[in-house]
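Scroll down for the structure; my scribbles are underneath it.
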Amino acid sequence: MASDLEQLRAIRSQTLALVAELTANPKPSYALDGQSISWGDYLAKLRVTIDWCEKKLAGEEPFEIRSRGIT
């Protein structure tokens, strides 16, 4: 079973691949039989997913806090 960190990296990677594919071969938005498909909205949601993954991944990174006491 993949760790949470590995899953976040996989989601980010897969989403980036979808964004690359959509921007390389853009499609028009359309409506068919009462159902509308908006590729621009889909692309925006993918970008939100990437941002979410990056924030989660940043929280998983090791960090250092420096402080100085005052005497």
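Computed over the chain, the Cα gyration tensor eigenvalues convert (square root of 5λ each) into semi-axes of 38, 15, 10 Å, ordered from largest to smallest. Charges were assigned to the Cβ only: +1 to each Lys and Arg, -1 to each Asp and Glu. The resulting dipole of the chain about its Cα centre is roughly 240 debye. Since only A20, A31, A58 are under comparison, the one whose Cα sits farthest along the positive direction of the charge dipole of the chain, derived from C-beta charges on Lys, Arg, Asp and Glu, is A58. Just checking the listed ones, L43, L32, L22: in the Gaussian network model of the chain with Cα springs under 10 Å, the one fluctuating most is L32. Pull up the cross-link candidates among the lysines for K27, meaning alpha carbon to alpha carbon under 26 Å and not fewer than 8 places away within one chain. Within the straight-line limit of under 26 Å, K27 reaches these lysines: K45.
Note on the chain: GNM, Cα springs under 10 Å; of I37, I11, I50, the largest mean-square fluctuation is that of I37.
FYI, it's all coordinate maths here, none of it is from the lab. In this text the structure is predicted, and so the values were computed from the model without any measurement. FYI the Cβ positions are ideal-geometry reconstructions off the backbone, even for glycines, and counts take in every protein chain you see.
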